[in-house]
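Engineer: Once you've had a glance at the structure underneath, I'll fire off some questions.
The values are calculated or read from the model by the stated rules, or taken from the named source; none is laboratory data. Please read these numbers as outputs of a predicted model, since none were measured by experiment. Positions of Cβ are generated from backbone atoms using ideal geometry, with glycine treated the same way; all protein chains shown enter the neighbour counts.
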């Protein structure tokens with residue numbers, strides 16, 4: 001069986017199903033994902049770490065007990081699962097590290113962020129793992145906002161260099177306690193992988209369109225011990241925030257894509273609004289959603 | 001002594017400030033508006049004297065003050081390999 005998807009600017013053909021991605025019957029693939037055998041080593045490496053090897057054109061990711069992943073020429077992904085590996089766990093590395101690699105390799109600015117649509121414009125919520133991106137997206141979804149991305153939000157510049165967001169993902173990955181804070185029972189949802197209390201919550205859109213959406217603002221989420229604070233950032237800390245919240249920024253360095261990343265970041269920095277949100281740990285999620293959705297109406 | 005930009009540095013402005021990125025080291029630096037202005041002037045290589053003349057004139061300060069204040073800044077840029085002093 002062959003599946004065809006679109007996610008974050010990439011047309012994907014795959015031998016493995018990804019119900020989280022947008023089904024899209026494209027003509028020309030950017031990425032082809034298949035099973036096959038993968039070598040233990042690649043030649044002419046420019047970077048070697050404990051789990052990854054990188055050469056000019058290729059990428060090898062070796063996750064013990066899960067799979068070896070080999071990306072050839074920034075487009076062909078070969079998965080070599082370990083015996084007995086759980087399929088969801090095997091898939092998860094494709095949706096994270098391998099996607100990160102493919103996006104950076106293809107010069108696409110990818111933020112560690114979830115995104116929603118407000119008045120026909122995209123709002124991006126970026127932040128480190130555990131900062132509440134998906135939880136916030138779920139709260140806004142329940143108030144009628146469309147969710148277009150979870151975990152990775154990629155930026156597309158149109159022919160006039162105006163930034164847009166690519167839709168990419170139609171599930172939210174949520175910890176059990178996040179689901180419970182909205183009154184859901186986690187048991188009713190599928191686990192994203194065995195052994196982890198993280199669940200997949202499907203978010204539907206009226207049209208599962210792949211059309212890019214003009215980007216209005218990026219919010220950088222941080223947990224804080226103090227009171228709630230939403231501040232617009234207008235100085236060069238913007239660049240600092242973009243870099244810190246780039247999906248798998250370490251890979252940008254390792255594959256030598258500084259230049260594209262920097263130019264794309266600065267293009268973005270000049271055109272849209274940026275805010276930092278410090279959210280107190282003890283604040284009730286419902287109150288937090290109230291404040292954010294109110295803020296969305298005023299920017 | 002001629003001061004020029006290191007061409008391996010990527011620079012871009014946000015408002016009146018400039019972010020400079022060293023591709024080689026993967027590090028970035030930020031400067032305020034005066035620093036941005038100096039970076040802009042260095043689009044063409046200048047001697048230290050020429051640079052201070054320009055700054056003294058454009059910011060309406062004495063050349064002495066300019067020399068005093070700009071020298072440590074340039075030394076720092078040079079140490080970080082953002083500019084080349086020959």
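Engineer: Here are some residues: A:130, A:168, A:183, A:100. Which one is modelled with pLDDT under 95 and crowded, with 17+ Cβ neighbours inside 10 Å?
Structural biologist: Details: A:130 fails: crowded, with 17+ Cβ neighbours inside 10 Å; A:183 fails: crowded, with 17+ Cβ neighbours inside 10 Å; A:100 fails: modelled with pLDDT under 95.
The conditions single out A:168.
Engineer: Examine region A:83-91 for a residue that is under 15 Å from the mean Cα position of the chain (by Cα) and either in contact (Cβ under 8 Å) with a residue 12 or more places away in the chain or in a loop (DSSP other than H, G, I, E, B) (or both), and state whether such a residue exists. Step through it out loud before you land on a result.
Structural biologist: Looking only at region A:83-91, we keep the residues that are under 15 Å from the mean Cα position of the chain (by Cα), and these are A:91.
From the residues that got through so far, the ones that are either in contact (Cβ under 8 Å) with a residue 12 or more places away in the chain or in a loop (DSSP other than H, G, I, E, B) (or both) too are A:91.
Yes, region A:83-91 has at least one match.
Engineer: Which residues, taken from region B:7-58, are touching a residue at least 40 places away in the same chain (Cβ under 8 Å) and buried (at least 18 other Cβ atoms within 10 Å of the Cβ)?
Structural biologist: Of everything in region B:7-58, those that are touching a residue at least 40 places away in the same chain (Cβ under 8 Å) and buried (at least 18 other Cβ atoms within 10 Å of the Cβ) turn out to be B:9, B:20, B:42, B:46, B:51.
Engineer: Mind checking which residues of region A:60-91 are within 23 Å of residue A:9 (Cβ to Cβ) and out of contact with any strand residue (DSSP E or B) (no Cβ under 6 Å at 6 or more places or on another chain)?
Structural biologist: Applying the first criterion (within 23 Å of residue A:9 (Cβ to Cβ)) to region A:60-91 yields A:61, A:69-79, A:91.
Selection gives A:73, A:74, A:91.
Engineer: Read through the list (1) more than 7 Å from chain B (Cβ to nearest Cβ); (2) within 19 Å of the chain's Cα centre (by Cα); (3) in a helix (DSSP H, G or I), then give the number of the only condition that residue A:267 fails.
Structural biologist: Against the list (1) more than 7 Å from chain B (Cβ to nearest Cβ); (2) within 19 Å of the chain's Cα centre (by Cα); (3) in a helix (DSSP H, G or I), residue A:267 comes up short only on (2).
Engineer: Now for a different question. Assess whether residue A:274 counts as being away from chain B (no Cβ under 11 Å) and closer than 14 Å to residue A:126 by Cα. Give the derivation first.
Structural biologist: Numbers: away from chain B (no Cβ under 11 Å): no; closer than 14 Å to residue A:126 by Cα: yes.
Here the answer is no, as residue A:274 does not meet what is asked.
Engineer: Looking for whichever is in contact (Cβ under 8 Å) with a residue 60 or more places away in the chain and either more than 10 Å from chain B (Cβ to nearest Cβ) or at negative phi (or both) here; the options are A:279, A:237. Which one fits? Please lay out each step first, then the result.
Structural biologist: Details: A:237 fails: in contact (Cβ under 8 Å) with a residue 60 or more places away in the chain.
The unique qualifying residue is A:279.
Engineer: Another one. Based on this model, can you work out whether residue A:190 counts as modelled with pLDDT of 90 or more, within 12 Å of chain B (Cβ to nearest Cβ) and under 27 Å from residue A:88 (Cβ atoms)? Don't jump to the end; show me each part of the working.
Structural biologist: Working: modelled with pLDDT of 90 or more: yes; within 12 Å of chain B (Cβ to nearest Cβ): no; under 27 Å from residue A:88 (Cβ atoms): yes.
No.
Engineer: Find the residue count for region A:128-181, including only residues that are assigned to a helix (DSSP H, G or I) and touching a helix residue (DSSP H, G or I) at 6+ places or on another chain (Cβ under 6 Å). Walk me through how you get there before you give the answer.
Structural biologist: Restricting attention to region A:128-181, the residues satisfying the condition of being assigned to a helix (DSSP H, G or I) are A:133-142, A:176-181.
So of that shortlist, the ones also touching a helix residue (DSSP H, G or I) at 6+ places or on another chain (Cβ under 6 Å) come out as A:135, A:139, A:176, A:178-179, A:181.
Within region A:128-181, residues that are assigned to a helix (DSSP H, G or I) and touching a helix residue (DSSP H, G or I) at 6+ places or on another chain (Cβ under 6 Å) number 6.
Engineer: Let me ask something else about it. For residue A:256, only one of the following conditions fails: (1) more than 10 Å from chain B (Cβ to nearest Cβ); (2) touching a residue at least 24 places away in the same chain (Cβ under 8 Å). What is its number?
Structural biologist: If we test residue A:256 against (1) more than 10 Å from chain B (Cβ to nearest Cβ); (2) touching a residue at least 24 places away in the same chain (Cβ under 8 Å), just (1) comes out false.
Engineer: So which residues in region A:240-249 are within 10 Å of chain B (Cβ to nearest Cβ) and out of contact with any helix residue (DSSP H, G or I) (no Cβ under 7 Å at 6 or more places or on another chain), if there are any at all?
Structural biologist: The one that is within 10 Å of chain B (Cβ to nearest Cβ) and out of contact with any helix residue (DSSP H, G or I) (no Cβ under 7 Å at 6 or more places or on another chain): A:240.
Engineer: So which residues in region A:32-41 are at pLDDT 95 or above and over 15 Å from residue A:93 (Cα atoms)? Explain how you work it out, then say what you get.
Structural biologist: From region A:32-41, those at pLDDT 95 or above are A:32-38; that's our starting set.
Listed by number, the residues that qualify are A:32, A:36, A:37, A:38.
Engineer: When the residues of region A:216-232 are narrowed to those that are surrounded by 19 or more Cβ atoms within 10 Å (Cβ to Cβ) and either within 15 Å of the chain's Cα centre (by Cα) or more than 19 Å from residue A:8 (Cα to Cα) (or both), which ends up farthest from the other protein chains (Cβ to nearest Cβ)? Please lay out each step first, then the result.
Structural biologist: Looking only at region A:216-232, we keep the residues that are surrounded by 19 or more Cβ atoms within 10 Å (Cβ to Cβ), and these are A:216, A:218-221.
Remaining after also requiring either within 15 Å of the chain's Cα centre (by Cα) or more than 19 Å from residue A:8 (Cα to Cα) (or both): A:218-221.
On the way: A:218: 14, A:219: 18, A:220: 15, A:221: 21 Å.
The selected residue is A:221.
Engineer: Would you mind finding the one in A:110, A:137 that is under 20 Å from residue A:204 (Cβ atoms) and buried (at least 20 other Cβ atoms within 10 Å of the Cβ)?
Structural biologist: Values: A:110 fails: under 20 Å from residue A:204 (Cβ atoms).
None of the others qualify; the one that does is A:137.
Engineer: Here's something else I'd like to know. Of all residues in region A:5-50, how many are out of contact with any helix residue (DSSP H, G or I) (no Cβ under 7 Å at 6 or more places or on another chain), part of a strand (DSSP E or B) and touching a residue at least 24 places away in the same chain (Cβ under 8 Å)?
Structural biologist: Summing the residues that are out of contact with any helix residue (DSSP H, G or I) (no Cβ under 7 Å at 6 or more places or on another chain), part of a strand (DSSP E or B) and touching a residue at least 24 places away in the same chain (Cβ under 8 Å) in region A:5-50 gives 8.
Engineer: Now, a different point. Find the strands (runs of 3 or more DSSP E) located wholly in region B:1-81 whose residues include 2 or more that are over 11 Å from the mean Cα position of the chain (by Cα), within 14 Å of chain A (Cβ to nearest Cβ) and closer than 30 Å to residue A:256 by Cβ, and list them. Steps first, answer last, please.
Structural biologist: Values: elements: B:2-5, B:9-14, B:17-22, B:27-31.
Qualifying strands (runs of 3 or more DSSP E): B:9-14, B:17-22, B:27-31.
Engineer: Could you please find all residues in region A:234-264 being over 16 Å from residue A:102 (Cα atoms), assigned to a loop (DSSP other than H, G, I, E, B) and modelled with pLDDT under 95?
Structural biologist: Those that are over 16 Å from residue A:102 (Cα atoms), assigned to a loop (DSSP other than H, G, I, E, B) and modelled with pLDDT under 95: A:234, A:235, A:236.
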